[in-house]
Amino acid sequence: MEILKERICRDGVAIGTEILKVDSFLNHQIDAALFEKIGEEFASRFSDVAPQVNKIVTIEASGIAVAAFVARYFDYPPVVFAKKDLPNTMTDAYYFSEIMSFTKMKMAPIRIAKKYLNEGDKVLIIDDFLAHGQAAIGLLNLIEQAGAELLGIGIVIEKAFQGGGKKLRDRNVRVESLAVIERIEDGTILFA
């Protein structure tokens, strides 16, 4: 998606060789016009399964906004997001998994209430980043626990050099990434 790549080059900040900071438009401050285009692009890429999608699943927090914009282009299915912390309001049964958070360098629990993810649901995962694949694999685990069916994963930015996309594709999971970064070198973001 060229408009996204241009925005990454213009406003993204490479930190070392592993980190891409895009908080000015993606995960701290949101560019709603860009998110509309992201939603359109995911609708195009997943047009073959769009009529089947009845839930969009993501993980808090920065995946929520993207997923909500994408939902518009899939006839507004509910957006269900995995919670990382256990709020005292989460009193019903839930599905549980643990993921390694590389940004926080610790294991993080994730949960989805059983009443929001059901057997037979046809699910599309939408998230902002794919790096090592831990969040996506954790969400996939929750979907499997529910007996739901994953139709695909939509990622705004994939850092291919960190291997998460390969792990998922090796498991025959359909992954559609709008911008794939091959590597970050000398402050320059290089796309695949």
Problem - region 1-38 - residue that is assigned to a helix (DSSP H, G or I) and free of Cβ contacts under 8 Å to residues at least 12 places away in the same chain and, of those, surrounded by the most Cβ atoms within 10 Å (Cβ to Cβ) - result: Asp23
Exercise for the section: Tally the residues that are of a type in the set (D, E, K, R), outside any helix (DSSP H, G or I) and surrounded by fewer than 18 Cβ atoms within 10 Å (Cβ to Cβ), restricting the search to region 133-173. Expected result: 2
Practice task
Please list, ordered by first then second residue, the pairs with beta carbon atoms under 8 Å, 6 or more apart or interchain, first in region 97-115 and under 20 Å from Glu18 (Cα atoms), second assigned to a helix (DSSP H, G or I).
Solution key: Ile99/Gln134; Ile99/Ala135; Ile99/Ile137; Ile99/Gly138; Met100/Gln134; Ser101/Gln134; Phe102/Gln134
Exercise for the section: Kindly indicate whether any position in region 8-21 is among the hydroxyl-bearing types (Ser, Thr, Tyr) and at pLDDT 95 or above. Expected result: no
Completion exercise
Within region 39-96, the residues that are at pLDDT below 95, in contact with an Asp or Glu (Cβ under 8 Å, 6 or more places away or on another chain) and surrounded by fewer than 20 Cβ atoms within 10 Å (Cβ to Cβ) are Ser62, Lys83, Lys84
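Conditions (1) of a type in the set (Lys, Arg); (2) under 20 Å from Ile38 (Cβ atoms), marked per residue:
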| position | (1), (2) |
| --- | --- |
| Arg111 | yes, no |
| Val123 | no, yes |
| His132 | no, no |
| Ala146 | no, no |
| Gly152 | no, yes |
| Ile157 | no, yes |
Completion exercise
Counting only residues that are in contact with a strand residue (DSSP E or B) (Cβ under 8 Å, 6 or more places away or on another chain) and either buried (at least 18 other Cβ atoms within 10 Å of the Cβ) or not aliphatic (A, V, I, L, M) (or both), region 181-192 contains a total of 8
Practice task
Quick one: in region 4-48, of everything that is β-branched (Val, Ile, Thr) and under 19 Å from the mean Cα position of the chain (by Cα), which residue is nearest to Ala160 (Cα to Cα)?
Solution key: Ile19
Fill in the blank from the handout: Counting only residues in region 144-190 that are more than 13 Å from the chain's Cα centre (by Cα) and of a type in the set (Gly, Ala, Ser), the one farthest from Phe46 (Cα to Cα) is identified as Gly187
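The values are calculated or read from the model by the stated rules, or taken from the named source; none is laboratory data. Predicted model, so just to flag it, every value in this text is computed and none were measured. Every residue, glycine among them, receives a Cβ derived from its backbone with ideal geometry; neighbour counts consider all protein chains shown.
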